Amino acid sequence: MIKFESNRGIKIMDVLRKHIFYVISLFMFVLLSPVSADVIQMSAGNVQEILGSNELVFVNFYADWCRFSQILAPVFEETSNKVKEEFPMAGKVAFAKVDCDAETTVAADYHITKYPTLKLFRNGQVVKKEYRGQRSSDSLAAYIREQLKDSIQIHTDLKSIDDLEQKKAHVIGFFESQDSENYKTFAKVASSLREDCLFHSALGPVSQPERTTGDHIAFRPPNTKGEDQVYMGSMTDYGALFQWAYGKCVPLVREITFENAEELTEEGLPFLILFHAPDDQEIVAKFNHEVSSQLMNEKNSMNFLIADGNKFTHPLHHLGKSPSDLPVLAIDSFRHMYLFPHDVRKDLGTPGLLKQFVADLHSGKLHREFHHGPDPTTPAPVPVQQEEKKEEAKPTDHLPHDKAEPQQVEHRRQPTSPPESQFIKLGPSRNRYTILKDEL
């Protein structure tokens, strides 16, 4: 009996030792493991602080219930550790994550509709094109390394600056020192606009002939020589320099191609799009002029685009047009497409017509008229007695009336359906991610 109790005590001690060893090992693993420590949990309360205090922030917008989010989480954390080892400098790069079920406001602010979504933020601003490469640690790390490369090409002689490729837009800075505040501000702007312009710099003695009045920055438009446009604002004011460079580097009217269609669609703004023949640069120039003169106040609510009508035949077909009808002007609202109701070549320059076309989209008139025919003109004032009679006619009070025969009105008011949006189909595939719960 004593021997039995002794053996039982030994077994209990062995089990306890194993449990203690397991608990200590687990504690040490959690204590020493850096896996989750480097990925910041982002919320409405700290989002601005995190984005504003780092040059790059790579954000994983996820949902706990999403299987793909669960798969990505450890890969994203591993990548964070790997990148942090390579770039340990504070404020250089951060990895963050947003629980979209808990942080609905943050998710809505950045138009998150699928999980997981990976977005890159540079100097506090979201990069237009979200990451859609392979979701392995090596691929994610390679992407961040590429994004952290210097955005400025340093030149060792002025001749190479004179001979820059003319088809591209360039921003050129001439500075006394790379350590100056002027250069640091320039470098920050270059990082923010690296996808939109090519940035160059000459330093010290090399730049001296161009710095007779001190450091300066200039913009060189495409297809020009000797027409550089000098920046006249403060060299250390990031906001002012960014706005100046953005206005130069990001044209008001852009060309849509099959390569950038997804990125443009992802911006979420309706398209005002001119389909043109490749050799018809006259109508392109005219469109640019009219957009600049009539629609500057719409630049934050609409994308102004040109497209090669010989390549984008599918949208033309849905508009009932073909390349032989070029130029064709239309709006794609991402629900429907609407044709410009005038002769593009003859009437595009008519004051107010283009502006009214866009205004009719915002007011809902284009959609209304496709379904119900033209809106009635404003009726003339009527006597009070007639207004009282009109009020009695409640069954038809809500419908517009005109002098046409009832049968004619009925025929004209037959519901019609405008062509469906074609460019929305060029946006990000819905099959790559888990869609929102309320869409399942």
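The residues neighbouring V98, those whose beta-carbon lies less than 11 Å from its own, together hold a net charge of -2 under the Lys/Arg +1, Asp/Glu -1 convention.
What a 1.4 Å probe finds exposed on region 151-227 is 47% carbon and sulfur by accessible area, rounded to a whole percent. Between N300 and M232, the contour length at 0.36 nm per residue exceeds the Cα-Cα span by 22.0 nm. If you roll a 1.4 angstrom probe over the protein chains with everything in place, what fraction of the accessible area of region 247-303 belongs to carbon and sulfur, to the nearest %? It is 49 percent, rounded to a whole number.
Using only alpha carbon pairs under 8 Å that are at least six residues apart, calculate the relative contact order of region 98-191 and give it in whole percent. About 18 percent, as a whole number.
Take the Cα of Q243, step 7 Å toward its Cβ, do the same at K92, and the gap between the two points is 3.3 nm.
Accessible area per residue for region 259-336, computed on protein heavy atoms with a 1.4 Å probe, is 44 Å².
Each principal axis of the Cα cloud of region 116-180 was taken in turn, and the coordinate range along them, longest first, works out to 47, 31, 23 Å.
Length available on full extension from S180 to R335: 0.36 nm per residue minus the Cα-Cα distance, which gives 50.8 nm. The overall shape of region 276-334 is oblate: from the C-alpha gyration tensor, with semi-axes ordered a ≥ b ≥ c, the ratio a/c is 1.5 or greater and a/b is no larger than b/c. Put simply, when 51-63, 346-358 are sorted by average Cβ atoms within 10 angstrom per residue, most first, you get 51-63, 346-358.
Summing charges over all other residues whose Cβ lies under 12 Å from the Cβ of P278, with Lys and Arg as +1 and Asp and Glu as -1, gives -3.
Can you compute the FRET efficiency between E146 and F68 using 1/(1 + (r/R0)^6), with r the Cβ-Cβ distance and R0 = 25 Å? Round to the nearest 0.05. E(calc), rounded to 0.05, equals 0.55. Every Cα-Cα pair of region 111-256 was included, and the share exceeding 21 Å stands at 49 percent. Multiplying the residue separation of S160 and D109 by 0.36 nm and removing their Cα-Cα distance gives an extension gain of 14.0 nm.
Here the label points at N223 and F370, each 7 Å from Cα along the C-beta direction, are separated by 3.3 nm in the simple model. Electrostatic bookkeeping for L353 treats Lys and Arg as +1 and Asp and Glu as -1; over the other residues with beta carbon under 15 Å from its beta carbon, the sum is 0.
The values are calculated or read from the model by the stated rules, or taken from the named source; none is laboratory data. Every value quoted in this text rests on a predicted model; they were computed, and no experiment measured them. As a convention, Cβ positions derive from the backbone with ideal geometry for all residues, glycine included, and neighbour counts pool all protein chains shown. Just the protein is used for accessible areas: all its heavy atoms, side chains included, with ligands, DNA and RNA removed. Shrake-Rupley method; radii C 1.70, N 1.55, O 1.52, S 1.80 Å.
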